[in-house]
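Taken together, the values in this text are just the output of simple stated rules run on the coordinates, not laboratory data. Computed from a predicted structure; not experimentally measured. Positions of Cβ are backbone-derived with ideal geometry, glycine not excepted, and every protein chain shown enters the neighbour counts.
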């Protein structure tokens with residue numbers, strides 16, 4: 001909510017008038033989601049999410065994001081999908097910002113992750129990767145191996161403020177990853193930000209995935225590394241191998257991975273830890289005084305990185 | 001959202017299980033409302049608001065607030081009403097905080113106020129005042145004339161940081177109000193915080209009032225003063241007499257006011273301006289670094305106060 005856009009009633013009614021979804025009956029800002037302004041919109045026809053894309057999202061990437069959501073939904077993946085206005089377009093303008101109305105996805109994200117959630121996540125992630133195979137747009141991951149060094153350079157002078165050892169550890173790690181980053185692994189469209197708050201459940205059953213605004217083309221196993229880091233570490237920093245085993249074993253029932261991918265997993269998980277460590281470090285050092293959003297702790301990801309550094313082979317993740 | 005409470009799925013499901021409203025299907029934090037944590041809750045039965053009362057609200061006042069909402073709804077006033085759990089109570093505990101589920105009120109608050117909104121507001125406020133006559137609980141207004149001097153004393157040392165002239169103007173004004181505050185005007189239950197974001201409309205039609213957490217027993221005309229200040233000044237600080245005329249003339253169609261009340265209106269509007277000037281001043285000087293909520297500008301209410309100071313009689317508000 002760093003830049004929450006206030007939408008007037010007149011502007012809203014005009015905007016909604018471009019769709020065939022009845023009359024507005026309620027409109028409330030949602031307190032989750034920090035990148036964009038999200039509103040819950042109820043009309044005489046149904047419930048929707050209206051999103052105004054704030055400056056964090058590049059406008060030229062929006063057709064990829066919205067197109068991917070629409071593609072996934074058409075493939076039977078549970079996720080929100082953008083509505084087409086009466087003129088056929090999904091991406092319009094509201095309050096001077098790119099904006100879209102997307103369908104509403106039922107469910108709640110799990111505040112406390114249970115092993116069963118990780119099982120469902122593994123299945124859903126594999127289904128997403130498979131469904132993306134027929135999506136014909138391309139977007140480079142702009143937060144991958146080549147981008148970490150430049151990002152780190154903008155933080156290096158103050159990284160020691162977070163932890164004395166941080167500059168040495170991160171610099172050595174980036175060097176190692178640059179020298180050892182794999183090539184030629186199976187790749188396609190990745191969600192690339194599938195944290196628990198982007199996955200909804202009703203009871204134990206996964207009801208869908210949201211927030212495709214980091215989606216990009218990259219190694220599928222890198223997306224798995226992101227999920228291992230986001231879902232399988234407890235609050236005290238310990239690794240829960242049961243969660244990882246359930247996630248990976250359910251994933252491979254839908255899309256099995258090659259030995260090459262499996263061997264690369266510890267390294268990709270390290271890379272994913274560096275990616276989130278660096279963006280959190282950047283946000284920590286650069287968040288404006290009095291900002292509405294409290295930055296997340298970069299050190300959580302230092303601990304995760306250090307766990308993967310001591311992993312010798314993928315059996316550490318519960319796989320035979 | 002200063003102290004937004006994070007509710008886990010298990011806690012939520014337990015909590016909702018104490019009501020006869022089906023299963024939870026969605027649960028989202030609402031970005032509006034700064035005093036409490038408000039969630040939009042959708043179940044298989046309907047849509048509700050779940051509120052966790054944060055420390056800003058005194059727990060001992062909650063039976064009055066919830067009771068008043070319930071009383072008003074029973075009298076046919078459009079407003080949310082608390083649900084009774086299976087054990088008959090409306091006030092329970094969630095995450096260690098007092099909490100209630102209230103009905104969902106359709107409509108949107110007007111971001112840009114039109115004269116027609118003020119007409120509807122006048123009618124609804126008078127209906128609220130009338131309906132409160134049969135409510136048998138009492139709560140003193142703890143932000144009234146006797147409370148302003150002590151509140152100001154906590155700000156006096158730094159008030160000049162906001163405006164050089166502020167200490168002198170406010171101190172003189174409180175002295176004047178203390179000497180001239182009326183007695184014996186018609187009184188009863190007032191909303192006492194009926195700002196535009198607490199009044200919902202569908203199209204031009206008022207659909208209801210929300211947020212009764214400042215409700216208290218005081219002069220009805222003081223509540224009118226609050227509404228004049230909150231609804232009838234334009235963003236540039238100018239007074240819109242058309243809006244005031246519509247508000248007051250529609251109010252008096254439901255509950256006519258006496259000459260005594262009418263004569264007191266400019267003074268009560270000054271008092272209301274001082275009340276919001278002081279609480280905004282306090283919040284401005286005391287908001288923590290990096291707080292999630294940006295404090296409102298106290299000087300807006302200095303301008304409003306100065307307008308009323310030059311009003312000689314109530315015809316300035318568009319009344320004959």
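What shape does the stretch B:9-103 take by its C-alpha gyration tensor, where a ≥ b ≥ c are the square roots of the eigenvalues and a/c under 1.5 counts as rounded, a/b above b/c as prolate, and the rest as oblate? Taking the square roots of the gyration eigenvalues as a ≥ b ≥ c, the stretch B:9-103 is rounded. The overall shape of the stretch A:185-273, judged from the alpha-carbon gyration tensor, is rounded, with an a/c ratio under 1.5.
Placing pseudo-labels 7 Å out from each Cα toward the beta carbon at residue B:260 and residue B:55 gives an inter-label distance of 4.3 nm.
Counting neighbouring Cβ atoms within 10 Å and putting the fewest first, the residues A:14, B:61, B:211 line up as A:14, B:61, B:211. The reciprocal of the average 1/r between distinct C-alpha atoms defines the Kirkwood hydrodynamic radius, which for chain B equals 20.7 Å. Each copy carries a label point for residue A:60 at 7 Å from Cα toward Cβ; from one copy, the others' points are 6.4 nm away, ordered from shortest. Taking B:177, B:278, B:194 as the candidate residues, the one with maximal mean-square fluctuation in a Gaussian network model of chain B, Cα springs under 10 Å, is B:177. The long axis of helix B:220-231 is offset from the longest Cα principal axis of chain B by roughly 90 degrees. Each copy carries a label point for residue B:103 at 7 Å from Cα along the beta-carbon vector; from one copy to the others these points are 3.1 nm apart, nearest first.
Stretching residue A:235 away from residue A:310 to a fully extended chain increases their span by 25.0 nm, per 0.36 nm per residue minus the current alpha-carbon distance. With a 10 Å cut-off around each Cβ of B:5-11, the average count of Cβ atoms from other chains is 3. Counting other Cβ atoms within 10 Å as a rough exposure proxy, the listed residues B:48, B:317, A:4 run A:4, B:48, B:317 from fewest neighbours to most.
If you look at the Cα atoms of the protein assembly as shown, you get an Rg and a Dmax of 27.9, 89 Å. With a 10 Å cut-off around each Cβ of B:196-202, the average count of Cβ atoms from other chains is 1.
Between residue B:20 and residue B:171, the simple label model (points 7 Å from Cα in the Cβ direction) yields a spacing of 6.2 nm.
Projecting label points 7 angstrom from Cα along Cα→Cβ for residue A:147 and residue A:164 puts them 3.4 nm apart.
Distance to the A-onto-B rotation axis is smallest for one chain A Cβ; residue and value in angstrom are A:31, 2. Return the whole-Å distance between the Cα centroid of the stretch A:7-68 and the Cα centroid of the stretch B:47-80. Cα centroid to Cα centroid, the span is 30 Å.
GNM, chain A, Cα, under 10 Å: largest mean-square fluctuation among A:245, A:235, A:275? Residue with maximal mean-square fluctuation among A:245, A:235, A:275: A:235. When chain B is treated as a Gaussian network with alpha carbon springs shorter than 10 Å, the biggest mean-square fluctuation among B:217, B:286, B:198 belongs to B:286. Once the Cα atoms are used to define both axes, helix B:241-254 deviates from the longest principal axis of chain B by about 60 degrees. Across identical copies of the chain, residue A:263 has label-point separations of 9.7 nm, listed in ascending order, with the point defined 7 angstrom from Cα along Cα→Cβ.
Just want the ordering: B:247, B:137, B:209, from fewest to most Cβ atoms lying within 10 Å of their own Cβ.
Numbers: B:247 27, B:137 13, B:209 24.
Ranked by crowding around the Cβ, least crowded first: B:137, B:209, B:247.
Let me make sure I get this right: for the stretch A:74-157, a, b and c are the square roots of the gyration tensor eigenvalues over alpha carbons, sorted descending. Under 1.5 in a/c it's rounded, otherwise prolate if a/b > b/c, else oblate. Which is it? Oblate shape, in that a/c is at least 1.5 and b/c is the bigger or equal ratio.
Helix-only arithmetic for the protein assembly as shown: the sum of -39500 (n - 2.57) across DSSP H runs with n ≥ 4, divided by the residue total, places the mean residue ellipticity at 222 nm at -13000 deg cm²/dmol.
Let me confirm one metric for peptide A:20-26, namely the mean number of other chain beta-carbon atoms within 10 Å of its residues' beta-carbons.
3
Give me the percent of Cα-Cα pairs in the stretch B:59-212 that sit more than 25 Å apart, rounded to a whole number. Cα-Cα pairs in the stretch B:59-212 separated by more than 25 Å: 48 percent. In the stretch A:9-103, Cα pairs under 8 Å separated by at least six residues give a relative contact order of 26 percent. Taking Cα atoms only, the orientation of helix B:259-286 departs from the longest principal axis of chain B by about 60 degrees.
Note down the relative contact order for chain A as a percent, whole number, built from C-alpha pairs under 8 angstrom at least six residues apart.
17
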